[in-house]
Amino acid sequence: MINQEETLANVTVVGLGKIGLTLAAVFANNHFNVYGSDINEGVVATINQGKSHITNEPGLDQLVAAAYNSKTLSATTETAEAVAKSNIVIVIVPVLIDNQYNVDYQFIDAAVKEIARGMKEDTLVIFETTIPPGDTQYRFGKKLQELSGLRLGEEFYLAYSPERVYSNRIIEDLKKYPKIVGGINEKSRELAVDFYKKALNCKLIEVSSLETAEFSKVAECVYRDVNIALANELAKFTEKIGVNMSEVRKASNSQPYSYLHEPGIGVGGHCIPIYPYFFINKGLTKGMTPMARKINDSMADYAINKVEEEVGSLKDKNVLILGLAYRENVKEPTKSTTLLLIDRLIKLRANVFVNDPLFTNSEIKQYGVSPLSLQSEFTSKMDAVILQAFHKAYESLDFTKFISCKIILDGRNKLNKNEIQRLGITYRSIGNDDIKERL
């Protein structure tokens with residue numbers, strides 16, 4: 001049988017992105033010896049200097065430095081070697097979708113092969129990556145058993161506990177949100193529960209199966225996608241009948257059973273535009289889940305149509321998009337609505353410019369557009385401006401620079417409408433256009 005104290009001594013965290021590094025640092029500051037594994041040599045080198053490669057994650061720098069000083073956190077590119085020294089393995093490697101909406105397993109499949117190479121008897125493997133229901137057991141558990149030669153549920157243990165955190169507040173969320181835990185069998189679940197109690201000191205929700213735990217995480221994301229799609233649908237309707245959506249939300253949400261999300265130009269990131277396809281590809285091809293995906297992805301076109309109503313043809317027009325990131329104050333372009341905007345604007349033969357204080361010029365150029373500093377005199381040549389991500393830097397945006405601008409499309413309903421209109425620039429938004437002008 002497993003000695004619990006030895007089991008909980010050494011932990012390998014596979015995948016040192018925002019969530020993986022934060023988990024590793026938290027574990028390392030809670031009396032565990034943690035080996036972090038990542039394929040990026042630069043990430044590994046930075047962590048082994050006691051520094052975090054992740055920015056805008058409050059408290060993470062301090063946790064990494066403290067773990068480095070106490071010699072409880074180190075990093076390596078050799079996953080199998082790290083796993084061989086550990087009794088518990090946490091897998092937090094990305095699973096995405098490709099351009100045809102098929103699940104892209106390339107990174108996590110490669111990680112699983114390396115984990116299997118290093119596994120020994122009594123190893124507990126916990127997957128935290130959001131994945132389609134059934135994958136923990138039938139894809140990854142099966143592969144671990146096949147490659148390691150160890151019997152699943154008897155000679156090694158398997159659990160699933162989805163990450164449920166939000167960028168810029170991961171450490172806070174790890175304390176606040178209950179950890180959902182499911183196992184291949186009772187022993188697996190018990191071992192995972194015991195680990196998280198000591199490693200995170202958070203509330204736990206034990207569920208009856210791996211599939212229940214997997215399904216619960218995807219369902220959370222589908223709920224948000226559907227709710228946002230509903231808000232966008234209602235926002236478009238308010239514009240037709242001359243009602244302000246922000247007022248509607250405030251009034252409706254005063255009822256405790258109503259929680260309308262904020263409408264907007266679209267959704268992005270690793271979660272909402274991706275995880276619903278984990279259900280859709282499993283057979284949920286009709287109903288609100290696929291419909292919500294279509295509605296939310298159509299909002300970029302809807303926004304550009306608003307710009308065209310004011311400017312006319314966008315051929316050879318200068319259009320500035322504020323925010324490459326998928327949301328405010330996070331340096332993450334994955335599935336950003338800006339990418340949809342860029343694609344459509346290029347097809348319309350517009351001159352596309354992007355400003356984002358979180359990205360370098362070279363990073364922005366990778367998307368086939370021109371970076372534009374807000375201090376540049378060329379801001380005076382912009383014909384239209386679209387706000388996609390309301391970074392803190394945009395709170396004090398000086399609109400007087402946009403002397404040729406005919407329209408500012410506020411895709412997040414955050415800008416000062418009155419200030420923009422005083423400058424003679426048309427203000428348009430998602431559900432909050434000036435009613436008097438439209439009646």
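The values are calculated or read from the model by the stated rules, or taken from the named source; none is laboratory data. This is a predicted model, so every value here is computed, not measured. No Cβ is skipped: glycine too gets one built from the backbone with ideal geometry, and neighbour counts run over all protein chains shown.
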*asked:* Given the criterion assigned by TED's automatic domain parsing to the domain that holds residue 303, of a type outside the set (Lys, Arg) and under 22 Å from residue 238 (Cβ atoms), identify the matching residue among 409, 372.
replied: 409
*Having 2 or more residues that are surrounded by fewer than 21 Cβ atoms within 10 Å (Cβ to Cβ) and of a type in the set (Gly, Ala, Ser) is the bar; report the helices (runs of 4 or more DSSP H) wholly within region 5-69 that clear it.*
41-47, 60-69
*What number of residues in region 224-254 are under 19 Å from residue 272 (Cα atoms) and of a type outside the set (A, V, I, L, M)?*
5
*residue 214 is checked against (1) in a helix (DSSP H, G or I); (2) modelled with pLDDT under 95 and fails just one. What number does that condition carry?*
(2)
*If you scan region 248-264, which residues turn out to be in contact with a Leu (Cβ under 8 Å, 6 or more places away or on another chain) and part of a loop (DSSP other than H, G, I, E, B)?*
253, 260, 261, 263
*Looking only at region 118-129, decide whether some residue is assigned to a helix (DSSP H, G or I), under 20 Å from residue 184 (Cα atoms) and either in the same structural domain as residue 279 (by TED's automatic domain parsing) or in contact with a helix residue (DSSP H, G or I) (Cβ under 6 Å, 6 or more places away or on another chain) (or both).*
no
*How many of the residues in region 177-198 are of a type in the set (Ser, Thr, Tyr), surrounded by fewer than 24 Cβ atoms within 10 Å (Cβ to Cβ) and closer than 16 Å to residue 136 by Cα?*
0
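A quick yes/no check of all residues on (1) among the acidic types (Asp, Glu); (2) closer than 20 Å to residue 13 by Cα; (3) free of Cβ contacts under 8 Å to residues at least 24 places away in the same chain; (4) surrounded by fewer than 15 Cβ atoms within 10 Å (Cβ to Cβ):
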{"site": "99", "(1), (2), (3), (4)": "no, no, yes, yes"}
{"site": "119", "(1), (2), (3), (4)": "no, yes, no, no"}
{"site": "123", "(1), (2), (3), (4)": "no, yes, no, no"}
{"site": "127", "(1), (2), (3), (4)": "no, yes, no, no"}
{"site": "136", "(1), (2), (3), (4)": "no, yes, no, no"}
{"site": "140", "(1), (2), (3), (4)": "no, yes, no, no"}
{"site": "143", "(1), (2), (3), (4)": "no, yes, no, no"}
{"site": "155", "(1), (2), (3), (4)": "yes, no, no, no"}
{"site": "159", "(1), (2), (3), (4)": "no, yes, no, no"}
*asked:* Take the residues in region 177-200 that are among the charged types (D, E, K, R) and assigned to a helix (DSSP H, G or I); name whichever of them is farthest from residue 11 (Cα to Cα).
replied: 186
*When the residues of region 1-26 are filtered to those that are among the polar types (S, T, N, Q) and at pLDDT 95 or above, which remaining residue is nearest to residue 167 (Cα to Cα)?*
22
*When only residues in region 297-316 that are charged (D, E, K, R) and within 32 Å of the chain's Cα centre (by Cα) count, which is nearest to residue 226 (Cα to Cα)?*
297
*Which residue out of 69, 99, 56, 29 is modelled with pLDDT of 95 or more and out of contact with any helix residue (DSSP H, G or I) (no Cβ under 6 Å at 6 or more places or on another chain)?*
69
_Name the single residue that is nearest to residue 296 (Cα to Cα) among those in region 230-257 being among the β-branched types (Val, Ile, Thr) and surrounded by 14 or more Cβ atoms within 10 Å (Cβ to Cβ)._
238
*Any hit, region 347-357, residues being in contact (Cβ under 8 Å) with a residue 12 or more places away in the chain and within 30 Å of residue 164 (Cβ to Cβ)*: yes
